[in-house]
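Worksheet for the structure shown next.
The values are calculated or read from the model by the stated rules, or taken from the named source; none is laboratory data. Note that the coordinates shown come from a computational prediction; the quantities given were computed from them, not determined experimentally. Every residue, glycine as well, gets a Cβ built from its backbone with ideal geometry; the counts of neighbours run over all protein chains shown.
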Amino acid sequence: MSDTRRRKPTYNLDEARQALEKIKRGVARGIRKKLGSYQVDEIIAYTLRLFGNGMKVAIELALMAADAGLVRTDEDIVFVAGTAKGVDMALLAATCQQC
């Protein structure tokens, strides 16, 4: 006899996050093309990239780590980031939650 019960679907959290990020970027791009203006998050991203691609990523890492409670907020932390070609940024940051 075959098992006719439905199995719960399994979700990969990383894949879901990546899919949501792509959707968000697509929406922002659509708004920019339709209205001829940039969203605040795009302006911030472009500004951070002026210091190197790793700067944007290092700032994102610092914010996400502090928000998730993965780093102590009473100490300085070194965040290292870059591109597929290698590291191009090391950021010494004092993180905080709800500053």
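Name every residue in region 64-88 that is of a type in the set (Val, Ile, Thr) and either touching a residue at least 60 places away in the same chain (Cβ under 8 Å) or surrounded by fewer than 16 Cβ atoms within 10 Å (Cβ to Cβ) (or both), in order of residue number. Steps first, answer last, please.
Of all residues in region 64-88, those of a type in the set (Val, Ile, Thr) come to 71, 73, 77-78, 80, 83, 87.
Answer for region 64-88, where residues must be of a type in the set (Val, Ile, Thr) and either touching a residue at least 60 places away in the same chain (Cβ under 8 Å) or surrounded by fewer than 16 Cβ atoms within 10 Å (Cβ to Cβ) (or both): THR73, VAL78, VAL80, THR83, VAL87.
Counting just the residues of region 38-78 that are under 19 Å from GLU21 (Cβ atoms) and outside any helix (DSSP H, G or I), which one comes out farthest from the chain's Cα centre (by Cα)?
Filtering first and then ranking leaves TYR38.
Identify the residue in region 79-94 that is within 23 Å of ARG17 (Cα to Cα) and at pLDDT below 85 and, among all such residues, is farthest from the chain's Cα centre (by Cα).
The selected residue is ALA84.
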